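Structure record follows, encoded as structure tokens.
The values are calculated or read from the model by the stated rules, or taken from the named source; none is laboratory data. Not measured: the values here are computed from a predicted model. Ideal geometry is used to build each Cβ from the backbone, glycine not excepted, and the neighbour counts take in all protein chains shown.
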Amino acid sequence: MKTTSANNPLEFIKSDPAEKSLSQSELVQQLLYQIVRVKELIKYYDSIPNGAGQLGSAILTELVSEAHGSLINYDTPLMQKYYDLLLNCD
């Protein structure tokens, strides 16, 4: 019996990565959402006692800064790059 994509939860593995790309307006919106989310993570890392979260905070702060710069310059490839990076921050 052949499975259709609606019934196959692993169909995304075979899909073309270009199909997953966001439109430019969606990318801007989603990147802004990720920037706000990661800024909250930065607050969490800053609140870890004895400075134990300072390295994580510094790395995330730099990523947010670069992501913000890509938005200001409306550099779509960089916006996609930083969206992907921020999406995986935790």
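Miscellaneous remarks
- Leading residue by the ranking (surrounded by the most Cβ atoms within 10 Å (Cβ to Cβ)) among those in region 64-90 that are over 18 Å from Q29 (Cβ atoms) and modelled with pLDDT of 95 or more: E66
- Selection of region 43-63 for residues being surrounded by fewer than 17 Cβ atoms within 10 Å (Cβ to Cβ), in a loop (DSSP other than H, G, I, E, B) and in contact with a helix residue (DSSP H, G or I) (Cβ under 9 Å, 6 or more places away or on another chain) yields I48, A52.
- Within region 66-83, the set of residues being within 12 Å of L32 (Cα to Cα), under 14 Å from the mean Cα position of the chain (by Cα) and not hydrophobic (A, V, I, L, M, F, W, C) comprises H68, S70, Q80, Y82, Y83.
- Any hit, region 53-71, residues being under 18 Å from L22 (Cα atoms), free of Cβ contacts under 8 Å to residues at least 40 places away in the same chain and of a type in the set (G, A, S): yes
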